[in-house]
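This report concerns only the one structure given below.
Every read-out reported here was derived from the displayed coordinates using simple, explicitly stated rules and does not represent laboratory data. Worth saying up front: this structure is predicted, and the values here are computed from it rather than measured. Here Cβ is always computed from backbone atoms with ideal geometry, including for glycine, and neighbour counts include all displayed protein chains.
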Ligand code: HEM
């Protein structure tokens, strides 16, 4: 009787992979997603998340050297720049990547708005996204205070002023909250613990909801099979890819953005302004806050409280405002036009704020450093 040929022995590589996979279940990540999800416009959220992870890593490194005592903070930044190994580079990377992450985040939000991906059943995920946007801006703001130069000092004065305008509800934002810890220390804790904790909590909900609903179909594509989701319909129409290929795209783009931030860190570095002069107000905020600067001129520092208090809820309510029958661009033209007007107005206000004369907005900037 002829002997049966034994099947070829699997390679070491595939045996190692099977060993890992049987323990971690990584192949469950290869679930199908619509082919258009690998378009860069549908990868911007993932790129943002990648950037945030690198920000956490670089931030942990900077925390090893930063001293959140008002009498030591500035010297500790000087130490990071001059003495800590790779300190100047890591500080530059943290600064530039934070800026680029705000850019990718805004582009992500614009993409979701333009494609109408906030429509049913994704309305709540839009609201979660608005929460993440607010937290990320809070991280940029508190980070600016930490560098404890003139700009950071003035940012802190604005923080305190708004806290006072809020009365009892805003006491946390003022030094009156406690005598035991300087406000700089508390903003540092907000920057490294409270806000990241909230951000990752919301990011988890965001990702679970994306997994639950699937990525939205391209705008205006009809659902031809009753009972199908838009994601399933899109996969049938355009084909599908494994989610792992999407992860590879995210990592590729994320590394590219990190490389750009690294280059900026090496060529330009992170800014560090003048030593604090508590008697003057002479700096302007970072670009993402500049559209608010003219309002401060026109309506005093109160505008910094009122405009976000109105703007953020209006943004969160976009899914309710959109009553159009279809997600097609043409069907939503009035809403898209309104969004474009707001966008252009924000850019124009930012440019105006950048070039207008620096003005004193916060009364009592000459107060003692607390
Ligand atoms: C730190 C901030 C954020 C992160 C890390 C993040 C992450 C993501 C990721 C990975 C996706 C999958 C699709 C894609 O990448 O385009 C996504 C989808 C989505 N995001 Fe975000 N996001 C953030 C902020 C926002 C904001 C500010 C909004 C809206 C104001 C938003 C609303 C949505 C919605 C509605 C979806 C579903 C889109 C679809 O199915 O096409 N996200 N987000």
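Sorted from fewest to most neighbouring beta carbons within 10 Å, what does the list 123, 154 look like?
Neighbour counts put them in this order, fewest first: 123, 154.
Panel order for 140, 260, by other beta carbons found within 10 Å of each beta carbon, from fewest to most: 260, 140.
As a test of understanding, state the convex hull volume per residue of the range 203-267 from its alpha carbons, in Å³.
Taking only Cα atoms, the range 203-267 has a hull volume of 123 Å³ per residue.
Label sites at residue 340 and residue 171, each approximated as a point 7 angstrom past Cα along Cα to Cβ, lie 5.0 nm apart.
With all pairs of different C-alpha atoms in the average, the Kirkwood value for the hydrodynamic radius of the range 28-127 is 16.2 Å.
By count of other Cβ within 10 Å, fewest leading, how are 302, 284 ordered?
Numbers: 302 14, 284 17.
By the 10 Å Cβ count, ascending: 302, 284.
Fully extending the segment from residue 63 to residue 193, taken as 0.36 nm per residue of separation minus the present Cα-Cα distance, adds 45.7 nm. The Cα center of the range 101-138 and the Cα center of the range 155-174 differ in position by 27 Å. Over all directions, how big on average is the projection of the convex hull of the alpha-carbon atoms in the range 236-370, in square nanometres? Answer in nm², one decimal: 14.0. For the chain, the longest principal axis of the alpha carbon atoms and the long axis of helix 333-355 meet at an angle near 40°. Seen against the Cα atoms of the chain and their longest principal axis, helix 12-24 is set at about 60 degrees.
The simple spin-label model puts a point 7 Å past each Cα toward its Cβ; for residue 185 and residue 212 those points are separated by 4.1 nm. So how tilted is helix 243-267 from the main axis of the chain? Cα-based, degrees 0 to 90, rounded to 10. Tilt of helix 243-267: around 30 degrees. Computed log10 I(q)/I(0) for the chain at 0.06, 0.07 Å⁻¹: -0.29, -0.39, from the Debye equation with unit scatterers placed on every C-alpha and solvent omitted. Averaging the sequence gap over all C-alpha pairs within less than 8 Å and six or more residues apart, then dividing by the number of residues, gives the chain a relative contact order of 27 percent.
Annotation for residue 256 and residue 223: the two label points, set 7 Å from Cα along the Cα-Cβ direction, are 3.4 nm apart.
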